[in-house]
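Have a look at the structure below, then the notes.
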Ligand SMILES: [Zn+2]
């Protein structure tokens with residue numbers, strides 16, 4: 001039997017865990033706080049990686065790899081950084097049976113060790129900009145485990161760049177935020193709000209942090225990627241300097257930016273429904289599943305001949321899977337592949353073969369509207385256009401959901417109502433007091449101050465003071 005999934009409307013958190021486990025994306029591990037990413041979840045992550053990696057390289061970045069261990073003294077060099085990360089650090093005190101002279105930190109992020117190397121590699125303005133990305137695991141100690149969303153160890157990429165001027169570094173920070181937006185919206189079909197973080201929500205050690213924020217199926221926010229302008233904070237701590245064209249020593253200006261396996265959690269929570277996953281074709285490990293239908297051996301031979309022919313053609317263009325397991329009924333298979341979120345299913349039975357057609361079923365539409373019959377001759381082009389349609393429709397559905405559940409409260413009461421069941425886009429005066437009061441009373445935080453503003457000033461939703469910008473307030477993961 002296919003595992004029962006708790007309806008999202010009954011218990012969203014349970015629904016999420018059920019889907020992740022039933023679809024075999026990930027599982028709990030014997031190590032507290034750590035998860036196992038199963039092959040299907042890892043294949044999905046690999047497609048996320050490929051979509052991002054392609055974009056990083058197209059914008060001039062190169063991949064490299066730095067050590068998992070960071071000397072404790074490195075972490076302590078940047079004051080805000082150490083303060084922000086201290087509670088989450090895992091520390092190695094022994095190695096090779098002996099106590100270490102200096103404890104090693106298991107990297108929570110790599111600004112420090114990378115700066116130690118940048119300080120060595122950067123000599124003159126000719127060495128800049130330095131554009132590096134690393135795919136790796138990081139460790140930040142967690143008390144609670146939520147598969148993909150909150151685990152002590154997780155996978156991610158971290159970009160680290162060094163530039164000659166502040167302007168170039170700020171431009172890079174925003175360029176990578178745009179790369180993340182482009183990936184999230186065009187590959188993962190997740191509409192996002194790109195914006196700046198408030199002082200209290202920014203990265204420990206950054207001058208300015210930016211993020212893309214997405215709305216999950218329960219109307220909570222999830223930060224799906226971050227990009228930081230580090231100024232010269234780490235450069236000064238590590239002496240990362242270069243000789244400018246006038247032969248004077250200057251500190252470099254830096255950025256760092258990251259997307260993690262949380263993105264997989266976001267894909268589940270944005271698109272999934274009570275049947276299970278719904279995956280956007282651009283990142284689905286399997287885009288098309290073919291299910292042959294037969295009763296007798298004679299039917300089987302006839303159907304399989306047509307299926308083999310169709311598969312050979314489809315496999316040239318799409319990520320396909322043929323489910324010819326004889327011991328399972330077609331109905332069981334349909335449910336299983338729906339649960340696993342395959343964007344398109346092709347059913348082929350004896351009657352279809354006689355008519356020279358196949359039945360195509362989309363995962364993104366209600367069952368009644370999802371079916372169409374297509375001539376086998378034109379199967380590839382029809383599959384191609386249906387996959388495009390599924391991709392576009394999943395994005396459109398998610399965007400409607402975001403728009404329908406984003407409110408523009410003008411009063412404090414309206415703000416409280418809004419964040420209880422959606423996002424609130426509201427004027428904020430910029431004071432940490434107002435931000436803290438809202439957080440304390442509603443549990444909603446400032447997710448970001450959207451880059452896109454209408455430019456009209458207004459009054460703070462909390463204190464009624466003058467406000468230049470609107471911020472997005474929401475409950476968040
Ligand atoms: Zn205020």
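The values are calculated or read from the model by the stated rules, or taken from the named source; none is laboratory data. Everything numeric in this text was worked out from a predicted model, so none of it was measured. With ideal geometry, Cβ positions are generated from the backbone for all residues, glycine too; neighbour counts draw on all protein chains shown.
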For this session: Give segment 247-269 a look and list any residue that's in a loop (DSSP other than H, G, I, E, B) and within 22 Å of residue 140 (Cβ to Cβ), or say none.
Result: 261
Exercise. Can you name every residue in segment 232-246 that is crowded, with 18+ Cβ neighbours inside 10 Å and in a loop (DSSP other than H, G, I, E, B)?
Worked result: 240
For this session: List the number of the failed condition for residue 305; all other conditions in (1) out of contact with any strand residue (DSSP E or B) (no Cβ under 6 Å at 6 or more places or on another chain); (2) in contact (Cβ under 8 Å) with a residue 60 or more places away in the chain hold.
Result: (2)
For this session: Kindly indicate which of 93, 59, 109 is surrounded by fewer than 16 Cβ atoms within 10 Å (Cβ to Cβ) and closer than 19 Å to residue 159 by Cβ.
Result: 59
Seminar exercise, completed: Every listed condition ((1) exposed (fewer than 15 other Cβ atoms within 10 Å of the Cβ); (2) at pLDDT 95 or above; (3) more than 30 Å from residue 352 (Cβ to Cβ); (4) away from the ligand (no atom under 16 Å from the Cβ)) holds for residue 407 save (1)
Exercise. Has segment 270-284 got any residue that is touching a strand residue (DSSP E or B) at 6+ places or on another chain (Cβ under 8 Å) and assigned to a helix (DSSP H, G or I)?
Worked result: yes
Exercise. Does residue 415 count as surrounded by 13 or more Cβ atoms within 10 Å (Cβ to Cβ) and touching a strand residue (DSSP E or B) at 6+ places or on another chain (Cβ under 9 Å)?
Worked result: yes
For this session: Tell me the strands (runs of 3 or more DSSP E) entirely within segment 1-103 that contain at least 2 residues that are touching a residue at least 60 places away in the same chain (Cβ under 8 Å).
Result: 26-28, 35-37
Exercise. Picking from 383, 390, which residue would you name as being crowded, with 17+ Cβ neighbours inside 10 Å, more than 11 Å from the ligand (Cβ to nearest atom) and more than 26 Å from the chain's Cα centre (by Cα)?
Worked result: 383
Exercise. Which number in (1) under 28 Å from the mean Cα position of the chain (by Cα); (2) surrounded by fewer than 18 Cβ atoms within 10 Å (Cβ to Cβ); (3) modelled with pLDDT of 95 or more marks the one condition that residue 88 misses?
Worked result: (3)
Exercise. Is segment 295-304 home to any residue that is over 24 Å from residue 16 (Cα atoms) and outside any helix (DSSP H, G or I)?
Worked result: yes
Exercise. Any idea which residue in segment 431-456 is nearest to residue 199 (Cα to Cα), counting only those that are surrounded by 17 or more Cβ atoms within 10 Å (Cβ to Cβ) and within 11 Å of the ligand (Cβ to nearest atom)?
Worked result: 435
For this session: May I ask you to verify whether residue 168 is surrounded by fewer than 24 Cβ atoms within 10 Å (Cβ to Cβ) and either touching a residue at least 60 places away in the same chain (Cβ under 8 Å) or closer than 20 Å to residue 150 by Cα (or both)?
Result: yes
Exercise. Given the conditions (1) over 20 Å from residue 51 (Cα atoms); (2) part of a helix (DSSP H, G or I), and given that residue 218 satisfies all but one, which numbered condition is not satisfied?
Worked result: (2)
Seminar exercise, completed: Output for Cβ contacts, cut-off 6 Å, separation at least six or different chains, first residue under 16 Å from residue 408 (Cα atoms) in segment 433-460, second within 11 Å of the ligand (Cβ to nearest atom) and in a loop (DSSP other than H, G, I, E, B), reads 438/462; 460/429
Problem set entry | Top-ranked residue in segment 410-430 [being touching a helix residue (DSSP H, G or I) at 6+ places or on another chain (Cβ under 6 Å) and assigned to a strand (DSSP E or B); ranked as nearest to the ligand (Cβ to nearest atom)] | 426
Exercise. What are the residues in segment 457-477 that are within 19 Å of residue 266 (Cβ to Cβ) and either loosely packed, with under 15 Cβ neighbours inside 10 Å or more than 16 Å from the ligand (Cβ to nearest atom) (or both), if any?
Worked result: 474, 475, 476, 477
